[in-house]
Amino acid sequence: MRISRPWLVATILFTMFIWGNSLVPATGSSGMSLRVVSALRGALSGLDLPSAWITNFLVRKTAHFTEYAILGILVSQTLASGSRLSRTALFVLVVVLVLIPSIDETIQLFVPGRSGLITDVMLDCSGAAVGSALRALAHRLREIRVRRRDTSTRN
């Protein structure tokens with residue numbers, strides 16, 4: 001297994017960003033989410049589209065999923081050479097992408113007004129799996145495109 005140092009640095013920095021957000025007390029975290037809800041509702045209303053369906057719960061859970069999808073991309077990019085992961089790299093990927101959200105939710109147990117939820121760990125792991133799969137798919141499609149281009153230039 002070969003580890004890409006630049007991608008490892010990006011992964012560590014992004015993990016620190018995630019854990020840093022978990023250290024924000026409930027009032028600050030809620031205020032941030034509510035500003036996003038307000039901005040999204042305003043944008044949709046400006047387009048004459050319904051906006052009541054945008055809720056704080058939806059924004060918070062979408063943020064969880066999205067940040068872990070990004071983390072899944074970063075961790076898999078750190079561990080993969082090409083589109084495929086070795087068995088060892090796949091094992092490390094799974095462990096890291098379960099450990100980071102588990103620590104994240106544990107951090108929140110010690111922050112005023114926050115709580116650590118197993119459902120959030122599951123949502124985070126789902127986002128990480130989607131991010132890892134999207135990264136593998138993108139690399140696979142690029143390999144196919146390169147192979148086709150190489151084949152067509154030989155003919």
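Bear in mind these aren't lab numbers, they're just calculated from the coordinates by the rules spelled out. All figures in this text were calculated on a predicted structure; none of them were measured in a lab. Positions of Cβ are backbone-derived with ideal geometry, glycine not excepted, and every protein chain shown enters the neighbour counts.
Tabulated data for the structure shown
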quantity: Signed unit charges on C-beta, dipole axis of the chain, positive-most listed residue Ala138, Ile12, Val111; calculated: Ala138
quantity: Separation in nanometres of the label points that stand 7 Å from Cα toward Cβ, at Val36 and Thr106; calculated: 2.5 nm
quantity: Shape category assigned to the range 56-109 from the gyration tensor of Cα positions, a/c cut at 1.5; calculated: oblate
quantity: Peptides 124-134, 68-78, 144-154, 46-56 ordered by average Cβ neighbours within 10 Å, highest first; calculated: 68-78, 124-134, 46-56, 144-154
quantity: About the Cα centre, charge dipole magnitude for the range 1-112 (Lys/Arg +1, Asp/Glu -1 at Cβ), debye; calculated: 300 debye
quantity: Where labels lie 7 Å past Cα in the beta-carbon direction, separation of Arg154 and Ser115 in nm; calculated: 6.1 nm
quantity: Options [x] 1.03; [y] 1.43; [z] 1.27 - which one matches Cα Rg over 2.2 N^0.38 Å as calculated here; calculated: [z]
quantity: Prolate/oblate/rounded label for the range 83-155 (Cα gyration tensor, a/c 1.5); calculated: prolate
quantity: Gain on full stretching of the segment that runs from Leu23 to Leu134 - 0.36 nm per residue minus C-alpha separation; calculated: 37.1 nm
